[in-house]
Amino acid sequence: MNPYDLGDLYVITVDADVRELRAADHLLLELAAELALSEGAFGCTHLVRGERPRVAISFATASEETARRLTRKGYEVTAGAPDEVGRAVVYPGAAALTGTVTVAELLSASAIDRVTVLGSPGEPPPDQAVVTRGHVRPQWQDGELVLTLQSAVGGVLVPFEVPDPMPCCADH
């Protein structure tokens, strides 16, 4: 799948002038809940570079009604996704990815197409344990939704992106 080729889904971008990824995640989840998006919907964050760096949000939903509702709420909404590498926050099966699951369970229970492990060639074995930490953020890569994992203590894998990252230069 690809943000530009999701079958019958309508893809829109919301630019709420959010500057931090965590704030964009929060807004995306808040809007998704408020809009009561269907199970097949996607919600992604996109880093926008240039003169005004920010994080835009995209939604792929079954109806154009999402765009109309967000416009009525005062959001700047445009058609399409801002790029092809969105970071998925809302996607089919995301809610089921909690606790410890195997790679096979992760792939079969969600829209994630494949996983990669930093520093390892190929994909991990299907029975490899993945501790999700309740924070699984795959990214669109070449038309596939890909989750990047890393090795952790105890021989398990964890998503590369941590749920509560330490701010840069926190000790300064």
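The figures follow:
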quantity	calculated
Given (1) loosely packed, with under 15 Cβ neighbours inside 10 Å; (2) among the charged types (D, E, K, R); (3) not in a helix (DSSP H, G or I), index of the condition ARG68 fails	(3)
Subset of the stretch 77-92 that is in contact with a Pro (Cβ under 7 Å, 6 or more places away or on another chain), modelled with pLDDT under 95 and not charged (D, E, K, R) - its residue that is surrounded by the fewest Cβ atoms within 10 Å (Cβ to Cβ)	ALA81
From the options LEU97, LEU118, LEU149, residue that is in contact with a strand residue (DSSP E or B) (Cβ under 8 Å, 6 or more places away or on another chain) and surrounded by 15 or more Cβ atoms within 10 Å (Cβ to Cβ)	LEU149
Pair list, Cβ < 6 Å and 6+ apart or interchain, from the stretch 86-102 residues that are without any contact (Cβ under 8 Å) to a residue 24 or more places away in the chain to residues that are part of a loop (DSSP other than H, G, I, E, B) and of a type in the set (S, T, N, Q)	GLY93/SER110
Count of residues meeting criterion [assigned to a loop (DSSP other than H, G, I, E, B) and either in contact (Cβ under 8 Å) with a residue 12 or more places away in the chain or within 17 Å of GLY93 (Cα to Cα) (or both)] in the stretch 121-162	20
Single match in GLY74, GLY40 (criterion: in contact (Cβ under 8 Å) with a residue 40 or more places away in the chain, surrounded by fewer than 16 Cβ atoms within 10 Å (Cβ to Cβ) and not aromatic (Phe, Trp, Tyr))	GLY40
Hits in the stretch 10-37 - residues which are surrounded by 21 or more Cβ atoms within 10 Å (Cβ to Cβ) and out of contact with any strand residue (DSSP E or B) (no Cβ under 6 Å at 6 or more places or on another chain)	LEU31
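The values are calculated or read from the model by the stated rules, or taken from the named source; none is laboratory data. Just so it is clear, the structure is predicted and the values come from calculations on it, not from any experiment. All Cβ positions, even for glycine, are placed from backbone atoms using ideal geometry, and neighbour counts span all protein chains on display.
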